[in-house]
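Enquirer: Once you've had a glance at the structure underneath, I'll fire off some questions.
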Amino acid sequence: MLPYKRSQRVSDLLRQEIADIIMRKVKDPRIGFVTVTGVDLTDDLKIARVYISCLKEEEKAETLDILNSAKSFIRSEVGKRVRMKVLPSIEFRFDESLGYGDKIDKLLKEIKGTA
């Protein structure tokens, strides 16, 4: 028996494929340096929430708009690469965990400096 669920294995595969599609196939010059940090896939494999991070904080909203407008193209490219009976619908979201991690790191450094 496999150690984790099918939705987790498929989400790992989707993360790799979507990152490659964004890097190589999406030809929008407004997209800067984008990293696909993770994909949350529902257990029924119907909805894929793709979390991204941007190098520049000011490009965050524009990058999300561009990727959300290109999600049908990205979904069709995923369909060519991944053999699944039903492809999940894709939703792009900004990954807030990186900013949260930086905030926690700063707080820990402040505590260490005062102690």
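Enquirer: Given the conditions (1) without any contact (Cβ under 8 Å) to a residue 24 or more places away in the chain; (2) more than 14 Å from the chain's Cα centre (by Cα), and given that Ala19 satisfies all but one, which numbered condition is not satisfied?
Expert: (2)
Enquirer: Also, quick follow-up: Find the helices (runs of 4 or more DSSP H) located wholly in the stretch 16-115 whose residues include 3 or more that are surrounded by 11 or more Cβ atoms within 10 Å (Cβ to Cβ) and either in contact with a Phe, Trp or Tyr (Cβ under 7 Å, 6 or more places away or on another chain) or at pLDDT 90 or above (or both), and list them.
Expert: In the stretch 16-115, 60-69, 71-81 are the helices (runs of 4 or more DSSP H) which contain 3 or more residues that are surrounded by 11 or more Cβ atoms within 10 Å (Cβ to Cβ) and either in contact with a Phe, Trp or Tyr (Cβ under 7 Å, 6 or more places away or on another chain) or at pLDDT 90 or above (or both).
Enquirer: Any idea which of (1) within 23 Å of Lys27 (Cβ to Cβ); (2) polar (S, T, N, Q); (3) in contact (Cβ under 8 Å) with a residue 24 or more places away in the chain is the one Ser97 doesn't satisfy?
Expert: Ser97 satisfies all of (1) within 23 Å of Lys27 (Cβ to Cβ); (2) polar (S, T, N, Q); (3) in contact (Cβ under 8 Å) with a residue 24 or more places away in the chain except (1).
The values are calculated or read from the model by the stated rules, or taken from the named source; none is laboratory data. As the structure is a computational prediction, the values presented were derived from the model and not from experiment. Glycine also receives a Cβ, built like all others from the backbone with ideal geometry; neighbour counts cover every protein chain displayed.
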